[in-house]
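To start, the structure under review is shown below, and the notes come after it.
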Amino acid sequence: MYPSDRQYTKEHEWVVVSGTTARVGITDYAQEQLGDVVFVELPEVGQAFEQGAQFGSIESVKAVSDLYCPMAGKVVDVNTALADRPETVNADPHGAWIIAIELSDPDQTTGLLDAAAYAELVS
């Protein structure tokens, strides 16, 4: 159910690391809990975040939830398409990335879960 090519946080973000960069999004479980997503607050390119720091928020018809950076780094890209089509997060949560970061330490995986451990967490 959860792709094995990425790691997950207990706050329901996913991260796919490729070399020294990573893409971050929210899990299928998170989008189900939120319901229809109506707005995604994105950070500015160039902003730096520590692991676990809030980088934005996601708003649905039910609630607003904070988004947390799974690994420390600097934002190098944001998915600006989400400004016009935030519902993409509902339609394809594991394909709709939110930010891309240049990692401070690509080996910083403290506290991240693999797909099986995440599935167990949300079961």
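A short reminder: the numbers here are calculations on the coordinates, not readings from a lab. The model shown is predicted, which means the values in this text are computed figures rather than measured ones. Backbone-built Cβ (ideal geometry, glycine too); neighbour counts: all protein chains shown.
Structure data summary
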{"quantity": "Net charge, residue 59 excluded, C-beta distance under 11 Å - Lys, Arg +1, Asp, Glu -1", "calculated": "-2"}
{"quantity": "The range 7-104: equivalent-ellipsoid semi-axes (sqrt of 5 x gyration tensor eigenvalues, Cα, Å)", "calculated": "20, 13, 12"}
{"quantity": "Using θ = phi - 60° and Karplus 6.51 cos²θ - 1.76 cosθ + 1.60, couplings along the range 50-64 (whole Hz; Gly, Pro as x)", "calculated": "7, 4, x, 6, 6, 10, x, 8, 10, 10, 10, 5, 9, 7, 10"}
{"quantity": "Diffusion coefficient, µm² s⁻¹, Stokes-Einstein with Kirkwood Rh over alpha-carbon pairs of the range 12-51 at 10 °C and 1.306 mPa s", "calculated": "130"}
{"quantity": "The range 62-123-the range 2-61 distance, computed between alpha-carbon centres (Å)", "calculated": "2"}
{"quantity": "Local net charge near residue 110, Cβ-Cβ under 13 Å (Lys/Arg +1, Asp/Glu -1)", "calculated": "-2"}
{"quantity": "Charge dipole magnitude, Cβ of K and R +1, D and E -1 - the chain, Cα centre, debye nearest 20", "calculated": "40"}
